[in-house]
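Starting off with a structure, shown below.
Please treat every number below as a calculation from the coordinates, not as lab data. A quick note: this is a predicted structure, and the numbers were derived from the prediction, not measured. With ideal geometry, Cβ positions are generated from the backbone for all residues, glycine too; neighbour counts draw on all protein chains shown.
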Amino acid sequence: MIVVAIDIGGTFTDLIGFDDRAKRFVEAKSLTTPAHLVQGIIDCIRKSGLAASAIDELIHGSTIAINTLIERKGAKTGLIVTKGTRDVYAIGRGNRPEAYNLLFHRHRPLVPRHLTFEVDERIQAGGAVHRVLDHASLKAACAALKAEGVEAVAVCFLHSYVNPDHERLAGEAIRAALPDTYLSLSHEILREYREFERTSTTAVNAYIGPKVGGYVKSLNANLGGTGFRGDLSIMRSNGGVMTPEVAQERPVAMMESGPVGGIIASARVGQALGLPNVISFDMGGTTAKASLVRDGEPTMAPGYYVGGYASGDPVMVPMIDVVEVGAGGGSIAWIDDIGALKVGPQSAGADPGPIAYRGGGTEPTITDANVVLGRLDPDNFLGGQMKLDAAAATDGIKKKIADPLGMTAIAAAQAIVEIGINKMSLAVREVSVEKGYDPRDFTLVASGGAGPLHVLAIARELHIPQVIVPLFPSHFSALGMLLADERHDFIRTSYADLASLDFEQLVTVHEEMAKEAMAGLRHAKNAELQVHLDIRYVGQEFALSVPVTLAQLKKADHRAIRLAFDRLYEHRYAHSSPDEAVEMVNIRLAVVGKRPRLKFPALKATGKAKPVRTRKVYFDDPRKASVAPVYKRASLGAGAKVAGPALIEEHGTTTVLFPGDICKVAASGELIIAVKAAT
Amino acid sequence: MSKPIKKPKGKAKRSVKALDAVTLEVIRNALPAVANEMAADLQRTSYNMMIYEVRDFCTALIDPNGELISQNVGGVSHFVADLGVLIVDGMKRYGAKGFKPGDVIITNHQAVAGQHLNNVVIYMPYFYKGELLMFNMVRAHWIDIGGTSTGFGAGPQVADPWFEGLQLDQLKIYEGGILNETLYRVIKDNIRFPESSLGDMKSQMAACRLGGRRMDELFDKYGRDTILAAIEQIFRETEQKCRNVVAKLPDGVYEASASIDDDGVRKGEPVPIHVKVTVKGGGMTIDLSGCSLERKAGINSRTLAGARVAYKALTGPLDPVNEGSFRALDVIIPEGNIMMARFPAPMAGWSAIVPTVVDTIVAALAKAMPGKVPAGHHGLLGGAVVFFGMHPKTNKRFVVQSLEGGGWGGRPYEDGESGTVSVCQGDVRNGSIEGIELKCPVMVESRALRRDSCGAGKHRGGLGIDMEVSNLVEGHWNFEQTRRTKCPPWGLWNGTAGDTGAYLLKLPGESVFRETSGARLPVPVGAHAIVRTGGGGGWGNPLERDPERVRSDVREDLISREAARDLYGVVVGSDFSIDRAATAELRKQRQGTDQSGRNGERGS
């Protein structure tokens, strides 16, 4: 079997393929061509040397969905809502997260007010129909939207999460009146209460639908033209994959398909090594991302705000919980007006890039600091394809940072890296400590071009004892896509006291959801269902997702569920109230269709590790460089050992071992590093 | 009038050894992270929407001298003041040796706390290696504190603190980790929603403990002396940053005035607000002596919040808050002023006038920083939606609570935002319609922007909101609101004023809404109420607004064709096209006629 994953990022399109029979990996990289994404994919396959007709399965992740939204390049979209709620989308929650900013900005609705129409209908909180759907006002809205020439329509009626009948009726009428428009009904996208967030999520889906749906369709068709006869899957934000058909209906689900690949890969790599608890740490050019994996499962978040909480668009579809901080290789170091040294969030990006890239960059970055400290070899960057200018980097750091602060360039470079490390450590803390997990119980998995460079310093800072640098750290997202399962998440708001909960009704809802889930599932034979109930103490707003079993629901075992809630609460918040009443808000169902596991080849033992050269590298003392041996990763066989200080170079990144760190190469190829305890 | 009191100057400098840039920066990032983590914990575990949606709370670390080490960002902006005084008072009561680990102090007494009694403060001493180094504090709005305090708090008619609710004066609810059962029972028996409020108390304590654990980690890592030295240096640097901003303003005295219609008791007698801001060489003095004397109505307070919020907004809105943020600011408020009221002056609606005070200070500085000061915003704490009662089926009490935002003023380069909470509220969210209806027996008929509620200008104000609610069971409405009909949200540089807010009610059988007011107003099933918020003022001359933007506003139904013609001199046809000739003619006629907005040079 040949499985191929293609990850389109902002700059590069990465391909990783694996040939099951030949036990062989294939890699290819090409520049992303935003105007011709489909062609870019086909070119990348050609570049890999694989025959399209030989590929059994192709998994694809792309930034097209998020870029369409962020760049506001989606469809002309209309919105149909319940009478009285025309402005719910614009008013939102009325909040100003930047509390002292007089010149704050709110989110910007994707649908203008004149394309938002009210329909007379009303469903009550319990689901009862208060006013039947008025077809005349619906017809008028359709006619107006048609006259306006909208390309997409979103519908969000109040309480449709409990009773979607009116939305369904509206959907039928809209399909009849505007057969060529892209249609999203809120209950099909998100069956959860809170009308603003549901409207926003549905509007986002409709807004990006024609373009992203069209892209997926065109990709599918064009691949057919190359002789590809395998299955195409699309990566989604929840860490699973979906069929092209599902992707065309719910493009909003593929919003964060890029970054989650690396997290899936971290989970799988950890599991394969018998380490079910890992923290994935991915550092690229502009940001660093951390995410926690427990018992082999990534942590899920119920949704997020595209463009940031203060003024972004809420998209409430389950996604893997990622904390992102503005610290990447390109993050710029600067001195503020009171003389404090800062790093980021401004980034030199790829263009002009760090000073050392010689692309016109004039501001010192984290990458420049690493060059100055000797941790990046100017002659062997990207396998020597790109020569770095160490003198210019030193000069830039000296002029912009060291001189004003009265320190040496080396000390300044060290300060820049350390401040960056501290920021990244806060991100790792946020996914662990703040959720009640002790990072010392986890292994840190480093990826991204800058991840392995900094990971050991972060591990030290957080007292994490073990670090893994996996295979393909700079194509890690694509690797994760190779390994991802099919996954669909469903949610239903169902509000009731746990003690008096109608479990029979809940089991019926579960069956409905499961039926819907299985219907579109490609790997239905190997499916696994995970059920969670969102529970909270009566009076609270925030609920915890408590894992339950179908057997518990069938037995109406509210005691066991209650106990699980109290325990989870205690774990998260260090206190709980077992005597207080609790209520259920939502039922969640995740359906995972397991894809066949790939068996990667074992690495051969090649004997003792031999350095190719040595370099002077600064670690903790800015006055004294250490002489560190440099190893080529490709030359390290299974069982090889490397003791820090040392550098391990590979094409897209360098692993920096600090004095005392001990690295051992696993039989499956990963670098497993025991971190020297901080003194 | 008693002698003006001034905010205390910074304490004597601790001996500071040179700190390296990295350690300093790391500690600078870590301290606000501790307060923010405390806040996140509180918010997710709290039981009342005042905390989880309105975020009417703050979390802070305060040193034993009452200096603010760090505070969370996000919730209610006016909590940026008035925390240190509680510690100074507590230290006076108990003495430095009077605290021990495991103590939990609860207080809301207005002689020092100076706010409505719903704002209950919990704080715990923090010891490192046996030394009292700071206090972890959470101030949070309880949904009820007995008396007439239900919901957002009691109204202006509440004559004194005893009427308002339970007063707690620096009491140890836990002493050395042991619960004071008697005190606990007294609280439990004297408030309406004990499960909710005592649950919140538990969350407040948990947040304080969390802060303590995080500080332990920091002290262990960097050591006592380094941390304390870093805190002092952070204060000094923050102060310098603020001075640098103010130093760019022309020295001078800047004044502005505004008014509230009345104090809610003496109807029709305005409450004057007058501010005098003196800028000199990087320092700023905000003198509120010209504001009303304390009133016999619950709109008094003891707070520096008005001055501090304005100063923070103008000097470093996105930076974390600490004591240094305000060291270059002097605030003058005489004892007996409405914002330095003496116990037992009623304070049930303590924050009602604060947004207007902040906005007046900002307006005073319009001339000093013309590129940064917007026109006036709705200036009130939002349209409070408060309906409560007993559900006849479940026999359980319910309270509908939501805060509806209003319009913000036009800005030097863009329009103001619509439907957003006031300058004293940050990440304060309205109740979702579906969430309200799931929990309470009401129907929200509409939540809509109010056409033409915005002030006109080159950059117009944002729009206010109408929230219409009908009740499915009988209950009581609270229609208490500070009003600004005589001083609507002002325009700036010839922009016009925004419209003001109101409450309207239509009882069953009636055909029209009428304006109303009052607390605990009983209504039968099927009444309809509208909570209305004001719009923002316009910035700049409306005749200079791009006709395309006027056309777009008409197209979006944000302003009427009449407003386009009368206020902006733009004639928009029925097909939404601009009649260029008629527009040019109209604008020519209008040039030179007087516009009614406030400019930066004068008060009203």
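If you take each beta carbon of peptide A:539-550 and count the beta carbons of other chains within 10 angstrom, what is the mean?
Working: counts 13, 11, 14, 5, 1, 1, 0, 0, 0, 0, 0, 0.
Partner-chain Cβ atoms within 10 Å, mean over residues of A:539-550: 4.
In percent, what relative contact order does region B:391-523 have, based on Cα pairs under 8 Å that are 6 or more apart in sequence?
Numbers: 254 pairs, mean separation 30.3, N = 133.
So the answer I get is 23 percent.
Among the lysines, select those whose C-alpha is under 19 Å from the C-alpha of residue B:188, and discard any that sit fewer than 8 residues away in the same chain.
Once the sequence-local lysines are set aside, what remains near residue B:188 is B:172, B:202, B:396.
Can you give the FRET efficiency to the nearest 0.05 for residue B:512 and residue A:180, using r as the Cβ-Cβ distance and R₀ = 35 Å? Please report the intermediate quantities before stating the final value.
On the way: r = 45 Å, r/R0 = 1.29.
Once the sixth-power term is evaluated, E becomes 0.20.
Separate question: Output ³J(HN,Hα) for region A:495-510: one whole-Hz value per residue in order, computed from phi by the Karplus curve 6.51 cos²θ - 1.76 cosθ + 1.60 with θ = phi - 60°, and x for Gly and Pro.
9, 6, 5, 5, 4, 10, 5, 7, 5, 4, 4, 5, 5, 4, 4, 4
Would you give the gap between the C-alpha center of region A:111-184 and the C-alpha center of region A:600-622, rounded to a whole Å?
The distance from the Cα centre of region A:111-184 to that of region A:600-622 comes to 63 Å.
List, in order, the whole-Hz ³J(HN,Hα) value for each residue of region A:125-137 obtained from phi through the Karplus relation with A = 6.51, B = -1.76, C = 1.60 and θ = phi - 60°; use x for Gly and Pro.
4, x, x, 5, 7, 8, 10, 5, 4, 8, 5, 5, 5
Something else: Pulled fully out, how much extra length does the chain show between residue A:525 and residue A:131, if you take 0.36 nm times their separation in residues and subtract their Cα-Cα distance?
Working: separation 394, 0.36 × 394 = 141.84 nm, distance 4.36 nm.
Working it through step by step, the gained length comes to 137.5 nm.
For an R0 of 60 angstrom, estimate the FRET efficiency from the Cβ-Cβ distance between residue A:217 and residue B:525 and round to the nearest 0.05.
On the way: r = 53 Å, r/R0 = 0.89.
Given R0 = 60 Å and the Cβ-Cβ separation, E is 0.65.
Quick check: the distance between the Cα centres of region A:331-397 and region A:261-293, to the nearest angstrom?
After rounding, the separation between the Cα centres reads 26 Å.
Just tell me which lysines come within less than 27 Å, Cα to Cα, of residue A:616; anything on the same chain fewer than 8 places away is out.
A:342, A:387, A:398, A:399, A:400, A:423, A:608, A:624, A:632, A:641, A:664, A:676
Among the lysines, which have Cα under 27 Å from the Cα of residue A:76 when same-chain residues fewer than 8 positions away are ignored?
Residue A:76 reaches A:139, A:146, A:211, A:217.
For residue B:404, what residues show an amide H to amide H distance below 5 Å, using hydrogens built from the backbone and excluding near sequence neighbours?
Sorted by chain and number, the residues that satisfy this are B:383, B:384, B:385.
Same structure again: Say the dipole of chain A comes from +1 at the beta carbon of Lys and Arg and -1 at that of Asp and Glu; which of A:401, A:601, A:483 then lies farthest toward its positive end?
Value: A:601.
Ok, one more. Using a/c under 1.5 as the rounded threshold, could you call region B:79-164 rounded, prolate or oblate? The axes a ≥ b ≥ c are square roots of the C-alpha gyration tensor eigenvalues, and prolate needs a/b larger than b/c, oblate otherwise.
Working: a/c = 2.71, a/b = 2.36, b/c = 1.15.
It is prolate, given that a/c is not under 1.5 and a/b is the larger ratio.
Report relative contact order for region A:491-564 in percent, whole number only (criteria: Cα-Cα under 8 Å, sequence separation at least 6).
Values: 50 pairs, mean separation 23.3, N = 74.
So the answer I get is 32 percent.
With axes computed from alpha carbons, what is the tilt in degrees of helix A:558-573 against the longest principal axis of chain A, rounded to the nearest 10 within 0 to 90?
For A:558-573 against chain A, the angle is about 40 degrees.
How large is the helix-only mean residue ellipticity at 222 nm for chain A, computed as the sum of -39500 (n - 2.57) over DSSP H runs with n ≥ 4, divided by its residue count, in deg cm²/dmol to the nearest 500? Mind showing how you got there, number by number?
Working: 18 runs with 197 residues, N = 679.
About -9000 deg cm²/dmol.
5 Å is the cut-off here: which amide hydrogens, built 1.01 Å from N in the peptide plane, fall below it relative to residue A:116, excluding neighbours closer than 5 in sequence?
A:79
Give the relative contact order (percent, whole number) for chain B; include only Cα pairs under 8 Å separated by 6+ residues.
On the way: 1590 pairs, mean separation 77.5, N = 604.
Once normalised by length, the contact order is 13 percent.
For the pair residue A:554 and residue A:72, how long in nm is the line joining their label points, each one 7 Å along Cα→Cβ?
Computed distance between label sites residue A:554 and residue A:72 equals 5.3 nm.
So what is the diffusion coefficient of region B:398-453 in µm² per second by Stokes-Einstein at 25 °C and 0.890 mPa s, using a Kirkwood Rh over Cα pairs?
Values: Rh = 13.2 Å.
Estimated diffusion coefficient is 186 µm²/s.
Angle check, please: helix B:305-315 long axis (alpha carbons) against the longest principal axis of chain B (alpha carbons), in degrees 0 to 90, nearest 10.
80 degrees
Taking amide H atoms as placed 1.01 Å from N in the peptide plane, list the residues 5 or more away in sequence, or in a different chain, whose amide H sits under 5 Å from that of residue A:381.
A:386, A:388
Give me the net charge of residue B:452's neighbourhood, meaning all other residues with Cβ under 11 Å from the Cβ of residue B:452; Lys, Arg count +1, Asp, Glu -1. Each step should come with its number before you reach the end.
On the way: positive: B:450, B:451, B:460, B:561; negative: B:499, B:553, B:557, B:562, B:566.
Surrounding charge for residue B:452 is -1.
Here is a follow-up. Mind running the shape call on region A:581-679? Use the C-alpha gyration tensor, a ≥ b ≥ c as the square roots of the eigenvalues: rounded below 1.5 for a/c, prolate if a/b tops b/c, oblate otherwise.
Details: a/c = 3.30, a/b = 1.64, b/c = 2.01.
Verdict is oblate for region A:581-679.
Okay, moving on. Please give the contour-minus-distance gain from residue B:269 to residue B:414: 0.36 nm per residue of separation, less the Cα-Cα distance, rounded to one decimal in nm.
On the way: separation 145, 0.36 × 145 = 52.20 nm, distance 3.59 nm.
Roughly 48.6 nm would be gained on extension.
Same structure again: What full-extension length gain, to one decimal in nm, is calculated for residue A:38 and residue A:632 as 0.36 nm per residue of separation minus the Cα-Cα distance?
The span from residue A:38 to residue A:632 would gain 210.3 nm if fully extended.
So the label point goes 7 Å from the Cα of residue A:20 along Cα→C-beta, right? Which residues of region A:567-601 then have their backbone N under 11 Å from it?
Answer for this model: A:595-599.
Roughly how crowded by other chains is peptide A:250-258, in terms of the mean Cβ count from those chains within 10 Å of each of its Cβ atoms?
Numbers: counts 0, 0, 0, 0, 0, 0, 0, 0, 0.
Rounded to a whole number, the mean comes out at 0.
If only Cα atoms are counted, what is the Rg of region A:435-484, and what is its Dmax, in Å?
12.0, 32
What list of ³J(HN,Hα) couplings, whole Hz, do you get for region A:339-346 from phi and the Karplus terms 6.51, -1.76, 1.60, once you set θ to phi - 60° and write x for glycine and proline?
For region A:339-346, the Karplus curve yields x, 8, 7, 10, 10, x, x, 5 Hz.
Another question about this same structure. If you take all C-alpha pairs in chain A, what percent of them are over 43 Å apart?
28 percent
If the viscosity is 1.306 mPa s and the temperature 10 °C, what Stokes-Einstein diffusion coefficient in µm²/s follows for the protein assembly as shown when Rh is the Kirkwood radius over Cα pairs? Before the final figure, lay out the partial values.
On the way: Rh = 32.5 Å.
Result for D is 49 µm²/s.
Treat chain B as a sphere of radius equal to its Kirkwood radius over Cα pairs and apply Stokes-Einstein at 25 °C in a medium of 0.890 mPa s; give the translational diffusion coefficient in µm²/s, rounded to a whole number. Could the numbers behind the result be given before it?
Numbers: Rh = 25.1 Å.
The Stokes-Einstein estimate is 98 µm²/s.
Relative to the longest principal Cα axis of chain B, at what angle does helix B:194-222 sit, 0 to 90 degrees, rounded to 10?
60 degrees
In addition: Among rounded, prolate and oblate, which fits region B:202-360 when a ≥ b ≥ c are the square roots of the eigenvalues of its C-alpha gyration tensor, a/c under 1.5 means rounded, and a/b larger than b/c means prolate? Write out the running numbers ahead of the final one.
On the way: a/c = 3.03, a/b = 1.45, b/c = 2.10.
It is oblate, given that a/c is not under 1.5 and a/b is not larger than b/c.
Using a Förster radius of 56 Å, what is the FRET efficiency between residue B:555 and residue B:20 based on their Cβ-Cβ separation? Nearest 0.05, please. Present the calculation step by step, with values, prior to reporting the outcome.
Working: r = 59 Å, r/R0 = 1.05.
It comes to 0.40.
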